[in-house]
Amino acid sequence: MGFLDGMWRGNDSAFDSGNAATNAIELRKRYAQVSLTKQGAATGNLRVNLSWRMRTSDLGGSQRESLLRHPFRALKPPEVIAHSQSMVNVDLDLGCLYELQDGTKGVVQPLGGLLGDVNGPPYVKLSGDDRFGSGSGETLYVNLDQRENIKRLLVFVYIYDQTPAFDRTQAMVTLYPGNGPRIEISLDERHPQARSCAVVMIENIKEEIIVRREVKFVYGFQGELDRLYGWGLQWGRGFKSKTGR
């Protein structure tokens, strides 16, 4: 039985809408999916953006307990950690496992220069490789005008430099349909040793495009996500170019 078996999959129109002023749908554990088709947003280019930044301060539970025991520590200047070597080296990447209706499977990702194609198979293209957590982040484009050719897409995030540090980043994956509100998935769960995270599944189910929150952290890389979701690809080591972007 899959780990999502038994999850509520009833009325697709029920979801956390967040602040109406932000025009955003926030997918959470309780309300984990939305239908782009029912929202009238299953056409045009779907933009999937990863943005992230390092935590400048992180008062976890143990630190709060320490302040309760030693209240005068709150008067000390905060420790500056934003420029430590471990903080600078974290490099989150956005990728997508795809399966088309004709059985074609593969991956779009920065490693190996597998950037895809938005106008031809796999109808997914990666634009940009943000290595420093800038405001623009990294973006995937999905051509939903070719939705009849798409079976499923698994959008994932991984840490390229092999330093497990999801607990030190504030990452957000945001989907921008061609019509209607954006869809937000926060990677706010604490998994300090995880190196990859399956974030969101986009599936064509009986000609309906469903977006479902996954947020499943694993301790390996793409190969472990492949095994978890049954893609069946062959994996080898990959490298980025040494350019700045």
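Structure summary
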quantity: Residue within the stretch 186-193 that is at pLDDT 85 or above and surrounded by 15 or more Cβ atoms within 10 Å (Cβ to Cβ) present; calculated: yes
quantity: Test result for residue 147, farther than 13 Å from residue 94 by Cα, at pLDDT 95 or above and open to solvent by 40 Å² or more (accessible area, probe 1.4 Å); calculated: yes
quantity: The stretch 173-185, residues that are within 11 Å of residue 24 (Cβ to Cβ) and polar (S, T, N, Q); calculated: 174
quantity: Tally of residues being open to solvent by 30 Å² or more (accessible area, probe 1.4 Å) and polar (S, T, N, Q) across the stretch 173-185; calculated: 1
quantity: Residue satisfying all of: in the stretch 90-113; more than 18 Å from the chain's Cα centre (by Cα) and either assigned to a loop (DSSP other than H, G, I, E, B) or not hydrophobic (A, V, I, L, M, F, W, C) (or both); surrounded by the most Cβ atoms within 10 Å (Cβ to Cβ) among these; calculated: 105
quantity: Single unsatisfied condition, residue 42 versus (1) of a type in the set (Gly, Ala, Ser); (2) at pLDDT 90 or above; (3) open to solvent by 50 Å² or more (accessible area, probe 1.4 Å); calculated: (3)
quantity: Strands (runs of 3 or more DSSP E) completely within the stretch 142-212 that count 2 or more residues being closer than 22 Å to residue 103 by Cβ; calculated: 150-159, 196-205
quantity: Given (1) open to solvent by 20 Å² or more (accessible area, probe 1.4 Å); (2) part of a strand (DSSP E or B); (3) at pLDDT 95 or above, number of the condition residue 37 does not satisfy; calculated: (2)
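The values are calculated or read from the model by the stated rules, or taken from the named source; none is laboratory data. The model shown is predicted, which means the values in this text are computed figures rather than measured ones. Here Cβ is always computed from backbone atoms with ideal geometry, including for glycine, and neighbour counts include all displayed protein chains. Areas reflect the complete protein model, heavy atoms only, side chains present, ligands, DNA and RNA absent. Shrake-Rupley method; radii C 1.70, N 1.55, O 1.52, S 1.80 Å.
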